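Everything below concerns the one structure shown next.
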Amino acid sequence: MGHIAGGQREYELLRRRMDRNVSGTPDSPAVMRILEILYTPEEAAFARRIPVMPTPVRKLSKSLGMPEDELRDRLSDLARRGLMFDFERNGERFYGLPPVLGGVFEYIMMRERAGLPIEELARLFDEYMNSDGFMKAGFMGQTPFARTYVREESLPEDDHAEILDYERVTRLVETASLISIGLCSCRHKNSHLGKACDRPQRTCLSLNTAAESMIHGGIAEPIDARGALRVIDECKAAGLAQIGDNVQHNIGFICNCCRCCCILTKGVRTMGLNHAIVSSNWVAEMDDAKCAGCGRCAETCPVDALGVAPAGNGNGKRAVLEQDLCLGCGVCETRCNRGAIRMKPRPQKVFTPETTFDMVGHMAIERGKVSEILFDDPESLGHRALGRFMGLLEKSPPWKAAMAVQPLRSAFLNTVFAFSKEVRQERATGRAAMEGRKKS
């Protein structure tokens, strides 16, 4: 697969390029070895010329100076191998360079793969994603890429009217334009390391545009809504929490996560990364009078928000909840057979970005990567110069202070992305006019 001799520089440059993603790809011997296995030096040199933001193949063809058919073939090959974002919009294919988490890791581990040293890759992914540097880079800031879905059946009857459509797993599945299913990348990885739990593995659902990409690349298989809901019901019975895309529209994925294998829940439990997953708009509440202290809820809580301690009156034990950690998933409520837990609305609604574009924008602001997202064309000298300027601005104390204020952040986000869109449109118009003059 990969060839190490003479290619270290290309792998390091590729890693730096991947690190421009908002989720980051920090340096590590493990990630360098992963890249060596998956890419040849020539492929690494080619891949780092692709922007991290998905770009139409026709535009890439012009910026790279490569015939469109040849470029599409090369990009499609990388996408089928799980090394490139690839999706269709309005009849046009888009490609982008993925990070490790939320990209390469899932694409490699969501299916059985022949021709790869999968056990070595599982060990390297495990080493890399459990490292302190990776976890801090991947989950800094207040806007993660994943949020919790509350179990609708755990809500009191009088609260059902308060749950919005984008919070209902059933609604998201029933209205999806397309659905696919693949292996849980976390449990599949752990199965090659001899430490997977006994929960089902064929549980990772992709929806809408993401499902088209997964099916097109052979990473996942199509499934209808009825089949997807049946999988979710089986996962709920196994005590798994539903965690998915932190957006309101065009949801991309719904995972069914266990407490032991999932990289996100493990980050909360073992590394104190409480912002790795956004909670739902509900939180658990204990009824001490009904609690027998059996510990069923604590055993199933995905993030150890529940424990068991001696009762205050000295009579037996009671479950104790740390509300700041509670994801609001409702797993504990459905596991309690004494009715000692109820889900109640949080006093303040949790912020959920409307679209993936909005989510990436907020993540970029929080992580100091606005310049790397706005000016993401490695072939453009103008983009590189503007990117360096924005990079300096983002590191300044006044910038950091201003972006900590939510209204200022939102105003900046709307203005700067609108400006960036206008610049791109002007450049496209200029190129079209120049080509017209050449033809005449």
- Query: Amide H of Arg318: which non-local residues (sequence gap of 5 or more, or other chain) have their own amide H closer than 5 Å, using H built in the peptide plane?
  - Reply: Ala309, Ala311
- What order do you get for 184-191, 112-119, 208-215, 335-342 when each peptide is scored by the mean count of other beta carbon atoms within 10 Å, highest first? 184-191, 208-215, 335-342, 112-119
- Query: With the calculation restricted to Cα positions, what are the radius of gyration and Dmax of the stretch 273-353 in angstrom?
  - Reply: 12.9, 46
- Item | Residues of the stretch 195-226 with amide N under 12 Å of the 7 Å Cα→Cβ point at Asp233 | 226
- Note on the structure: Two pseudo-spin positions, 7 Å from Cα along C-beta at Glu152 and at Asp27, lie apart in nanometres by 5.0
- Task: With θ set to phi - 60°, apply the Karplus curve 6.51 cos²θ - 1.76 cosθ + 1.60 along the stretch 339-347 and write out the HN-Hα couplings as whole Hz, x wherever there is a Gly or Pro.
- Result: x, 8, 10, 10, 9, 10, x, 5, x
- Message: Explain nothing, just compute: Karplus ³J(HN,Hα) = 6.51 cos²θ - 1.76 cosθ + 1.60, θ = phi - 60°, for every residue of the stretch 193-200 in order, whole Hz, x for Gly and Pro.
- Response: 9, x, 9, 7, 7, 8, 5, x
- Label-point separation (nm) for Glu221 and Ser177, each offset 7 Å from Cα along Cα-to-Cβ? 2.5
- Length gained when the stretch Arg58-Thr40 is fully extended (0.36 nm per residue, less Cα-Cα span): 4.0 nm
- Item | FRET E, pair Asp165, Leu193, Förster distance 56 Å, beta-carbon r, rounded to 0.05 | 0.90
- Item | Interchain or long-range residues, amide H under 5 Å from Phe253's placed H | Leu207, Asp245
- Message: Per-residue counts of other Cβ atoms within 10 Å, averaged by peptide: what ranking do you get for 31-39, 223-231, highest first?
- Response: 31-39, 223-231
- Query: Hey, got the Cα dimensions of the stretch 8-129 along the principal axes, in Å, largest first?
  - Reply: 38, 30, 25
- Just list whichever of Lys236/Lys344; Lys236/Lys349; Lys195/Lys344 have alpha carbons separated by over 29 Å in the model shown. Lys195/Lys344
- Kindly write out, for the stretch 126-131 in residue order, the coupling ³J(HN,Hα) from the Karplus curve 6.51 cos²θ - 1.76 cosθ + 1.60 (θ = phi - 60°), rounded to whole Hz, with x marking Gly and Pro. 5, 5, 5, 6, 9, 7
- Using the alpha-carbon centroid of each, what span in Å lies between the stretch 82-148 and the stretch 338-368? 22
- Message: Strictly greater than 29 Å: what percent of every Cα pair in the stretch 146-345 meets that?
- Response: 23
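Can you tell me what percent of all Cα-Cα pairs in the stretch 84-204 are more than 19 Å apart?
I get 64 percent for the Cα pairs in the stretch 84-204 exceeding 19 Å.
Per the Cauchy relation, a quarter of the hull surface: what is the mean projected area of the convex hull of the alpha carbons in the stretch 229-320, in nm²?
Mean shadow area of the hull around the Cα atoms is 7.4 nm².
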- Item | More than 17 angstrom apart: percent of Cα pairs within the stretch 168-276 | 53
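No value in this document is a laboratory result; all are computed from the given coordinates. Computed from a prediction, not measured in an experiment: that's the story for all the values here. Note: ideal-geometry Cβ built from the backbone for every residue, glycine included; neighbour counts use all protein chains shown.
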